[in-house]
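The values are calculated or read from the model by the stated rules, or taken from the named source; none is laboratory data. Computed from a prediction, not measured in an experiment: that's the story for all the values here. Because the Cβ atoms are built from the backbone with ideal geometry, glycine has one as well, and the counts that use them run over all protein chains shown.
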4 protein chains.
Amino acid sequence: MSTQVKTQKLTQYGDIVQLIGPRERDVLIQLEPGKSLHTHAGVLQHDDLVDCVWGNQIKSHLGKTFYILKPALDDLLRNVDRKTQIMYPKDIAYILVTMGISHGARVIEAGTGSGAFTIALAYAVGPEGQIYSYERRPEMQAVARKNLEKIGLDDRVVFRSIDIEDGFEDQDAEALFLDLPNPEDYIPQVRAALEPGGFFGAILPTTNQVERLLLALKANNFAFIEVSEILHRYYKPVASRLRPSDRMNGHTGYLIFARPLTT
Amino acid sequence: MSTQVKTQKLTQYGDIVQLIGPRERDVLIQLEPGKSLHTHAGVLQHDDLVDCVWGNQIKSHLGKTFYILKPALDDLLRNVDRKTQIMYPKDIAYILVTMGISHGARVIEAGTGSGAFTIALAYAVGPEGQIYSYERRPEMQAVARKNLEKIGLDDRVVFRSIDIEDGFEDQDAEALFLDLPNPEDYIPQVRAALEPGGFFGAILPTTNQVERLLLALKANNFAFIEVSEILHRYYKPVASRLRPSDRMNGHTGYLIFARPLTT
Amino acid sequence: MSTQVKTQKLTQYGDIVQLIGPRERDVLIQLEPGKSLHTHAGVLQHDDLVDCVWGNQIKSHLGKTFYILKPALDDLLRNVDRKTQIMYPKDIAYILVTMGISHGARVIEAGTGSGAFTIALAYAVGPEGQIYSYERRPEMQAVARKNLEKIGLDDRVVFRSIDIEDGFEDQDAEALFLDLPNPEDYIPQVRAALEPGGFFGAILPTTNQVERLLLALKANNFAFIEVSEILHRYYKPVASRLRPSDRMNGHTGYLIFARPLTT
Amino acid sequence: MSTQVKTQKLTQYGDIVQLIGPRERDVLIQLEPGKSLHTHAGVLQHDDLVDCVWGNQIKSHLGKTFYILKPALDDLLRNVDRKTQIMYPKDIAYILVTMGISHGARVIEAGTGSGAFTIALAYAVGPEGQIYSYERRPEMQAVARKNLEKIGLDDRVVFRSIDIEDGFEDQDAEALFLDLPNPEDYIPQVRAALEPGGFFGAILPTTNQVERLLLALKANNFAFIEVSEILHRYYKPVASRLRPSDRMNGHTGYLIFARPLTT
């Protein structure tokens, strides 16, 4: 009882496509009729990139080979136009799993920043989920919105350019994440916006900030408080000389999770 | 333009519920009519646990307080009946994000083991995704199937009790993960089952195994090979005495990712 | 021009000897005439352990084999009778090298605690060095003194049972190390006891303590301030299944170094 | 009973002096009569640098302030003229402590390389110790010899430009360290040169090398085999924003220790 070979999915206009050319250099584009892409290894016509089997090769006008691949979240994030420090896949991945953020979830985040984590959230909740992203700097949120539009994920996000000092406009979120320097100032507002037992999370670079947030979480009766950090160590992938890379990222941020309980 | 407060979601029969009693001890149950749960802190009737607001409290017959929470993936995994070493959330999270495994994905894994990673996959792909899980030991797969049935995720998984030595029965997977001691023996089979440019991943405890897999991946023309490991360090969440925990998990496994390209 | 084979050094009364018996279990003793050692693997006479070649074997009265080895610092530390948390070789080693503590050095430490670090200091400075060890609890210092006497290093140490609140009695130390919960309270006293440009060091378990010490060091015009931590990861030493150990020590303490400059 | 203030030690000709000028830039020099030092912050006369209190300040001809400090081992190593990858203080420190290398020890090393570890050994064994350093490339050993001469430690080292394939010329070493790509090829030679129960150590960058060395050590009946690695993580030393540095050294080498027992 083997499964039918399903009809091979082909690329189409509107798809986000990762093109990988010589020396594993990559670029992400959204396929549009009539457009062309100029690279160091030659020109590619978007029209030649539709109706292709994912993973196949195509040649540029200079005869250079490009692979047409589906981008993973990681690839989407590396291509974000960034005005602010953005989160790393190692942290994003652990946050999503720990906070139960998957298809259909209703999630609040603040602040939006460059929108990299907004992309991760929109990607994770799927077409039936909903993200509410708060940012008090409108010009920053405009950058983020553009980053989401480029990859067609903006329709899963409601952007709100308001200061959360006055509270969130949305309620009953299943998860709420703060990527702000002073999350300790907004814990009552968080409590009002999260459903009981919902997941709260934050990322903070310094120990002083973690200490202040812990005080605020205790004061507001949050439970299951967890503080941790994720270290990601790459190896040189050579079979006969396997070893860790010389340099690694020494720190991104401390991750803090907690859940508000009814009292 | 604030959002409507949506109708509060209530617990219902069939839901997987996490009950957290005194001293933060927790248990996972699926709500069924007429059933009762016996704990060290007293008895709870399933019938009293439906139509409850998530996050609310309920009392046992001894008057002890229990919270009714939605389990996160992490909670589901900690409750797996395990016959084999299971993967950790830190690794699972990074694997899912790196391999692009989200709603609607079509994923192959081998071997099934106790089904912990199968749960993670089924959870991540949502109701429209599909997991094909291979395991040559039928009795082991029976354990896994029960673990998935307990939390109602078994309908997203096709279990196959065959030896992948002879090839996978399924094709055009977007992602394929091997949790086996000798993945290097099945790379041609992996290539035949993955769609071009799809995501291959494996986890291996020893450096010797990594070296062998790297050789096989090179020999079979895989590209974008990445080897890394994730270290997760917990802190004692006390504001006035913040510090890492005394003991940490020193190793789970090396993560290897690669993508087959057409030649 | 090869070197003469020097006369083989032999064990003698007064030596600290490490005996390693069946299953690599070890014990440290100081050889004394007429004494005997009772172990689970039989009795050994001290008199049979003198005039032996280091590294040789000897049999207990039950015929079990014991090796006679020279203990390394690590072995000496593992045998300390400890009333307090003691420092680890990974940290001790880095402290000694960073603070320039070697033969002939004149070093102050506070507090003495169980004397484990005192042993490391006395070992490092050799017979011509001098350690001044401060501890306000006389009963604790008595434990430490006994630990140093057991291995014959007590003559390199001056023990002082006074509170350093009132200042150190000794001056012009080349290095001064504080292993106390509140080093920030004694920085002027440290400055008065260290020679200009000397090496100051401390170990602290929590981030809050590090923050307070940094403030005090800045306020007292210390330069070359360094904060770091040392992580030590063991591997299972099996050639065909090389991998890190499952469990590792997640934290001992943060190391802080600085040097007082004249102003 | 306070200690006499000992006569303040003053700088003299022949001393290795660390001068720290504006913006914490440092230089190491050996004081010689009549010499002058040219820096970006002006000229200093060696003759003005003798009979100074360690830690004091002196002005260049441009009026810039320099501190006169005693260098620690770390400083000596950073100033090594290096033709090869050199070892880090984190590793050197742990090696010295684990292998019992302190005042008076008799130690063999191969290969010499740029002499950085030779400096560490010479520094640790003091004036009564003895280092035998082997290197088959004479031109490399010449570089090392110069590095030791510069800081006046060359008289503690016997340099031997021979291939250890044919065995070491020296015997009864208390400790023997190999910093070579293929230590597994010389284990019988190591055994012949170490005293029974002596300390063997090696550092190796790749897992493949570690696996091969473990095989050779087992085959030659070494005991107490330990494999580990030391990770050193720096923090930004700012009291109000304490956090790990962004970048860290991801790998230097695996440390392997073992002791030969008589059979």
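At a glance:
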quantity: Top-ranked residue in the range D:234-246 [being at the interface with chain A (Cβ under 7 Å from one of its Cβ atoms) and surrounded by fewer than 19 Cβ atoms within 10 Å (Cβ to Cβ); ranked as farthest from D:LYS90 (Cα to Cα)]; calculated: D:SER240
quantity: Of all residues in the range A:96-118 being of a type in the set (Val, Ile, Thr), surrounded by 24 or more Cβ atoms within 10 Å (Cβ to Cβ) and within 12 Å of chain B (Cβ to nearest Cβ), the one that is nearest to A:TYR234 (Cα to Cα); calculated: A:VAL97
quantity: Test set (1) within 26 Å of D:THR207 (Cβ to Cβ); (2) modelled with pLDDT of 95 or more; (3) more than 21 Å from the chain's Cα centre (by Cα) - B:PRO260 fails condition number; calculated: (2)
quantity: Filter result for A:PHE257 (under 19 Å from B:LYS70 (Cα atoms) and more than 8 Å from every other protein chain (Cβ to nearest Cβ)); calculated: yes
quantity: Exclusive hit being farther than 23 Å from C:TYR235 by Cβ, aliphatic (A, V, I, L, M) and more than 7 Å from every other protein chain (Cβ to nearest Cβ), set D:ALA192, D:ALA202; calculated: D:ALA192
quantity: Residue identified as touching a helix residue (DSSP H, G or I) at 6+ places or on another chain (Cβ under 8 Å) and either at pLDDT below 95 or not hydroxyl-bearing (Ser, Thr, Tyr) (or both) among A:PRO188, A:PRO127; calculated: A:PRO127
quantity: Meets criteria (closer than 19 Å to A:ALA93 by Cβ and either touching a helix residue (DSSP H, G or I) at 6+ places or on another chain (Cβ under 8 Å) or of a type in the set (Asp, Glu) (or both)) for A:LEU176; calculated: yes
quantity: Leading residue by the ranking (surrounded by the fewest Cβ atoms within 10 Å (Cβ to Cβ)) among those in the range C:65-95 that are out of contact with any Lys or Arg (no Cβ under 9 Å at 6 or more places or on another chain) and at pLDDT 95 or above; calculated: C:ASP91
quantity: Selection count, the range B:49-58, where residues are surrounded by 15 or more Cβ atoms within 10 Å (Cβ to Cβ), of a type outside the set (Val, Ile, Thr) and part of a loop (DSSP other than H, G, I, E, B); calculated: 4
quantity: Complete set of residues in the range B:119-161 that are under 12 Å from the mean Cα position of the chain (by Cα) and away from every other protein chain (no Cβ under 14 Å); calculated: B:ALA144, B:ASN147, B:LEU148
quantity: Residue list for the range C:238-257, filter: within 26 Å of the chain's Cα centre (by Cα) and either not assigned by TED's automatic domain parsing to the domain that holds C:GLY197 or not basic (Lys, Arg) (or both); calculated: C:SER245, C:MET248, C:ASN249, C:GLY250, C:HIS251, C:THR252, C:GLY253, C:TYR254, C:LEU255, C:ILE256, C:PHE257
quantity: Filter result for A:ILE95 (under 30 Å from B:ALA173 (Cβ atoms) and part of a helix (DSSP H, G or I)); calculated: yes
quantity: Unique residue being surrounded by fewer than 20 Cβ atoms within 10 Å (Cβ to Cβ), in contact with an Asp or Glu (Cβ under 6 Å, 6 or more places away or on another chain) and not assigned by TED's automatic domain parsing to the domain that holds C:ALA202 when the list is C:HIS61, C:HIS46, C:HIS38; calculated: C:HIS46
quantity: Residues that are within 12 Å of chain C (Cβ to nearest Cβ) and at pLDDT 85 or above, drawn from the range D:5-20; calculated: D:LEU10, D:THR11, D:ILE16, D:VAL17, D:GLN18, D:LEU19, D:ILE20
quantity: Filter result (farther than 25 Å from D:ASN182 by Cβ and either polar (S, T, N, Q) or not in a strand (DSSP E or B) (or both)) within the range D:200-245; calculated: D:PRO237, D:VAL238, D:ALA239, D:SER240, D:ARG241, D:LEU242, D:SER245
quantity: Which listed residue is facing another protein chain (nearest Cβ under 9 Å), touching a residue at least 60 places away in the same chain (Cβ under 8 Å) and among the polar types (S, T, N, Q), from A:THR252, A:THR207; calculated: A:THR252
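Yes or no, residue by residue, for (1) of a type outside the set (A, V, I, L, M, F, W, C); (2) on the phi < 0 side of the Ramachandran plot; (3) touching a residue at least 40 places away in the same chain (Cβ under 8 Å); (4) in contact with a Gly (Cβ under 7 Å, 6 or more places away or on another chain):
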residue: B:ASP15; (1), (2), (3), (4): yes, yes, no, no
residue: B:PRO33; (1), (2), (3), (4): yes, yes, no, no
residue: B:THR39; (1), (2), (3), (4): yes, yes, no, yes
residue: B:VAL53; (1), (2), (3), (4): no, yes, yes, no
residue: B:GLN57; (1), (2), (3), (4): yes, yes, no, no
residue: B:LEU77; (1), (2), (3), (4): no, yes, yes, no
